[in-house]
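Engineer: Following this message is one structure expressed as structure tokens.
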Amino acid sequence: MSEKIIKGYLIKKNKYRSFDQIIQFLDTNGNKITCLSLGSLKVSSKNGMNLFIGSLIEFIIFQSRLPEKISKLKKCHIIEIFDWKKANDKSFLLLNNIISSSAYTSVEFFSFYKDCLKTIQNDSLIQEDKIIYVLKSFLSLTMIYIDPSLNDPFLNTVERKRSYINQIIEYINKTIKINLSLY
């Protein structure tokens, strides 16, 4: 295993055994990298204190030589922390669901995630506007276009925005074969 330093956003973590986690992050090239974080659930773990979903982190990993083997996390440092108060927002959960379940990878995918995080942390927008932004940004990234725009008078009530969101999610589920759900 060779040591490698990678900068990226933590997008998913799952408990594995009693004190370990399997983490997935999106690197600056838009690739999703999965690795094993040993002991990160222990109270005294230094890595566990730096593993916040949505945060920009510098990961030092032991990269596996074989593609069917999993890499191991050695150390990680937070570069830019995500606002933990927004961690349970529907827009943030939807964004991470899209990122972790999509097979699409590119440098633009990393930029998409970064831009969506900025929008999600914007307190002047209501939740439905953030969700619509995430969905429309993803569709434009995959080169699928749906009207109307966010400023359309049709979307002037929360109920209409929720209906529009459901239509987009149904469209994504049919077209791109990602199983998204929100409401």
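Engineer: How big is the Cα convex hull of the chain in projection, averaged over all directions, in nm²?
Structural biologist: Result: a mean projected hull area of 11.2 nm².
Engineer: Over 26 Å between C-alpha atoms is what I'm after, so list which of Lys72/Lys130; Lys12/Lys136; Lys7/Lys174; Lys12/Lys46; Lys85/Lys174; Lys4/Lys136 land there.
Structural biologist: Lys72/Lys130; Lys7/Lys174; Lys85/Lys174; Lys4/Lys136
Engineer: Could you tell me which of Thr119, Gly30, Pro67 has its Cα farthest along the dipole of the chain towards the positive end, charges placed at Cβ (Lys, Arg +1; Asp, Glu -1), taken about the Cα centre?
Structural biologist: Pro67
Engineer: Let me ask something additional. Springs between alpha-carbon atoms under 10 Å, Gaussian network over the chain: tell me which of Asn173, Asn47, Asn31 tops the mean-square fluctuations.
Structural biologist: Highest fluctuation among the options: Asn173.
Engineer: Please state the charge dipole magnitude for the chain, taken about the Cα centre, from unit charges on C-beta atoms (+1 on K and R, -1 on D and E), reported in debye and rounded to the nearest 20.
Structural biologist: Around 840 debye, computed over the chain.
Engineer: Kindly express, to the nearest 10 degrees and within the range 0 to 90, the angle between helix 107-120's C-alpha long axis and the longest C-alpha principal axis of the chain.
Structural biologist: Roughly 70 degrees, rounded to the nearest 10.
Engineer: With charges set only on the Cβ (+1 for Lys and Arg, -1 for Asp and Glu), what does the dipole of segment 37-109 come to about its Cα centre, in debye to the nearest 20?
Structural biologist: 400
Engineer: Once you've got the GNM for the chain with C-alpha springs shorter than 10 Å, pick whichever of Ile120, Ile22, Ile57 has the biggest mean-square fluctuation.
Structural biologist: Among Ile120, Ile22, Ile57, the largest GNM mean-square fluctuation belongs to Ile22.
Engineer: How would Ile172, Ile81 line up by accessible area, probe 1.4 Å, largest first?
Structural biologist: Ile81, Ile172
Engineer: Another question, then. From the backbone phi of segment 15-28, what are the Karplus-calculated ³J(HN,Hα) couplings (6.51 cos²θ - 1.76 cosθ + 1.60, θ = phi - 60°) in whole Hz, Gly and Pro given as x?
Structural biologist: In residue order, the calculated couplings are 5, 9, 6, 7, 10, 10, 9, 9, 10, 10, 9, 9, 7, 5 Hz.
Engineer: Short version: ³J(HN,Hα) in whole Hz for each residue of segment 157-162, in order, from phi by Karplus 6.51 cos²θ - 1.76 cosθ + 1.60 (θ = phi - 60°), x for Gly and Pro, what are they?
Structural biologist: 10, 5, 4, 5, 5, 5
Engineer: Counting only heavy atoms of the protein chains, get the accessible area per residue of the chain (1.4 Å probe) and round it to a whole Å² value.
Structural biologist: Heavy-atom accessible area per residue stands at 56 Å².
Engineer: Roughly speaking, to the nearest percent, how much of the chain's 1.4 Å accessible area is carbon and sulfur?
Structural biologist: On the chain, the fraction of accessible area on carbon and sulfur atoms equals 52 percent.
Engineer: Taking the Cα atoms only, what angle lies between the long axis of helix 127-141 and the longest principal axis of the chain, rounded to 10 degrees?
Structural biologist: Result, in degrees: 80.
Engineer: Return the sequence-ordered ³J(HN,Hα) values of segment 37-42 in whole Hz as given by the Karplus equation 6.51 cos²θ - 1.76 cosθ + 1.60 applied to θ = phi - 60°, using x for Gly and Pro.
Structural biologist: 10, 6, x, 6, 8, 6
Engineer: Hey, in the GNM for the chain with a 10 angstrom Cα cutoff, which one of Lys12, Lys32, Lys85 fluctuates hardest?
Structural biologist: Answer for the Gaussian network model of the chain: Lys85.
Engineer: Further, regarding this structure: With charges set only on the Cβ (+1 for Lys and Arg, -1 for Asp and Glu), what does the dipole of segment 75-129 come to about its Cα centre, in debye to the nearest 20?
Structural biologist: 260
Engineer: Moving to a separate point now. Name the GluC sites (Glu not before Pro) in segment 16-88 that are in a loop by DSSP and that have at most 12 other C-beta atoms within 10 Å, would you?
Structural biologist: Here the GluC sites (Glu not before Pro) that fit, given the DSSP loop and packing criteria, are Glu68.
Engineer: For a quick check of understanding: with a 1.4 angstrom probe and all protein chains in place, what accessible area in square angstrom does Val107 have, to the nearest ten?
Structural biologist: 80
The values are calculated or read from the model by the stated rules, or taken from the named source; none is laboratory data. This is a predicted model, so every value here is computed, not measured. Positions of Cβ are generated from backbone atoms using ideal geometry, with glycine treated the same way; all protein chains shown enter the neighbour counts. Surface accessibility is based on the protein's heavy atoms, side chains included, excluding ligands, DNA and RNA. Shrake-Rupley method; radii C 1.70, N 1.55, O 1.52, S 1.80 Å.
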